[in-house]
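What follows is a set of notes on a single structure, which appears directly below.
The values are calculated or read from the model by the stated rules, or taken from the named source; none is laboratory data. Please read these numbers as outputs of a predicted model, since none were measured by experiment. When we count neighbours, we look across all protein chains shown, and the Cβ atoms used for this are built from the backbone with ideal geometry, even at glycine. For the accessible areas, the whole protein counts, side chains as well, though only heavy atoms, and no ligand, DNA or RNA atoms are used. Shrake-Rupley method; radii C 1.70, N 1.55, O 1.52, S 1.80 Å.
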Amino acid sequence: MTKLAIINGRLADPAGDALLSGSILIEGDRIVAAGDIAVPADAERIDAQGQVVAPGLVDLGVFATDKPAFHFGGITRAALMPDQSSLLDDAALIRQATRAGKPDFWVHPIAAATRGLKGTELAEIGMMQAAGAKAVGTGRQWIADSGVMLRVLSYAAGLGQTVIAHAEDGGLAGKAVATSGETATRLGLPHAPACAEAMAIARDIMLARQAGAAIHFRLVTTRAGFDLIRAAKAEGLRVSCGISPAYLFLADNAVTDFRTFARLSPPLRSEDDRKASIAAVADGTVDVITSSHDPRGAEDKRLPFADASPGMAGAETLLALSLNLVRDGHVSLNRLMTLLSANPARILGVNAGSFASGSAADLIFVDPDAPWIVDSGKMAAAAGNTPFDRVPVQGRARRIMKGGVFL
């Protein structure tokens, strides 16, 4: 079996407290050891030249597989949401989805919780798990029927899978495209109160408690929502949550002038909620940072704001934007890699996202200070619908390894 040693790197180990100089020893497609280790004489040596060596990013909850964007952003694994042109509510479609990224990245499909994602009839969750599904998801929608949601949670708990939930009360959110507040009122946009998120979270936490299930709220974006997550964790419930950089660095005023690139789901929140999101990352309430990658072309975005499709191309900017949290002193680089790699891998139940012995040899070399400017017209993604267009950022993945092989 081929031995490979990565030397002279600064290791961003999610299990550590700070960057450490060291080496990583790989045999085949697995990490054998990392840190201050003796490198075998027969190992091929790769000099990291002082760059940060980190686990490949595990993006929990993308809406499209996108090789150029993933490689640019350092994403080696992507959990694919069930909301596809052919909804992932059938075992055959799950098997097909698991092969979608080979040999360039790993795809971990999320099984639709209900048939057609209609929120009424349970899908064949067990059969989809056997076909390769790594979690169960409600998709872009909240399951309004509490009885159905309880059955989903109970079934998933019996299979040892996490339910990935959308946190927005559909009765309140309705056809809203913005958060209630000054900006939405001034622009005359259909809007819903931010409490739609907390109401959905509160109900689903109670159902998860009843079912003894693990639940992950894919995007939590409000102070009230984070308070509920904190309380559930303090109680010992298996509750986790994620966020994407848009909600950390943009507020609802970003939709001024009807900027459809800032049309997201859930919609951007108030400045107060944005600051609460930063605090939730800093205090450990947030478990995952995801790109929510959803490339949308002109036919979806060059429309009146209320008619435009929600979503943003986030894979390329995930790492660079998240590094702002390190520069601003909210988290360490090691902690950031826990949010981007180790925690999403744990929630999915895959042996990746860390430097532990036996973990998948999915790695990235990172230059955290490399400057570049986000340009929606030049993005590698299938479409460049980013609200961060023309924003200067720092941080690039310089090399990417999947399963012990550099891509």
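Here's the list of lysines a cross-link from Lys301 could span, going by alpha-carbon distance under 27 Å and ignoring same-chain residues fewer than 8 apart: Lys67, Lys118, Lys175, Lys378.
Taking every DSSP bridge with both residues inside the chain, close to 45 percent are antiparallel. Inter-part distance, segment 33-93 to segment 264-315, computed on C-alpha centroids, equals 22 Å. Accessible surface calculations at 1.4 Å, restricted to protein heavy atoms, place segment 1-158 at 42 Å² per residue.
With the Cα gyration tensor of segment 48-184 giving a ≥ b ≥ c as the square roots of its eigenvalues, does the rule (a/c under 1.5 for rounded; else a/b larger than b/c for prolate; else oblate) give rounded, prolate or oblate? Can you show the working numbers first?
Working: a/c = 2.13, a/b = 1.28, b/c = 1.66.
Note, shape of segment 48-184 comes out oblate.
Accessible area ranking (1.4 Å probe, heavy atoms, ligands and nucleic acids excluded), largest first, for Met128, Met1, Met379, Met206: Met1, Met206, Met379, Met128. Compute the acute angle (0 to 90°) between the alpha-carbon long axis of helix 271-282 and the principal axis of greatest extent of the alpha-carbon atoms of the chain; round to the nearest 10°. Helix 271-282 sits roughly 30 degrees off the main axis of the chain. Here the chain has 50 percent of its accessible surface on carbon and sulfur atoms, given a 1.4 Å probe and all protein chains in place.
Largest first, how would Val391, Val288, Val405 line up by accessible area (1.4 Å probe)?
Numbers: Val391 50, Val288 0, Val405 85 Å².
Ranked from most to least accessible, the order is Val405, Val391, Val288.
Compared with the dominant Cα axis of the chain, that is its longest principal axis, helix 146-159 is turned about 20°. Roughly what angle does helix 318-327 make with the longest principal axis of the chain, taking Cα atoms, 0 to 90 degrees, to the nearest 10? Between helix and principal axis, roughly 80 degrees. For Lys134, the aspartates and glutamates whose Cα comes closer than 17 Å to its Cα, not counting residues fewer than 8 places off in the same chain, are Asp59, Asp83, Asp89, Asp90, Glu124.
Using C-alpha pairs below 8 Å separated by at least 6 residues, the relative contact order for segment 65-161 is 26 percent. Note on Lys3: lysines with a C-alpha under 21 Å away, same-chain residues under 8 apart excluded, are Lys402. For Glu235, the solvent-accessible surface with a 1.4 Å probe is about 100 Å², rounded to the nearest 10.
Within the chain, all pairs of alpha-carbon atoms sorted by distance into 10 Å bins from zero give the percentages 5, 24, 33, 26, 10, 2, 0. The listed residues Cys241, Cys195 rank as Cys195, Cys241 when sorted by accessible area, largest first, using a 1.4 Å probe. For Gly50, neighbours were defined as the other residues whose beta-carbon sits under 10 Å from its Cβ, and their charges (Lys and Arg +1, Asp and Glu -1) total -1.
Between Ser146 and Ser357, what length in nm is gained on full extension when 0.36 nm per residue of separation is reduced by their alpha carbon distance?
Working it through step by step, the gained length comes to 71.8 nm.
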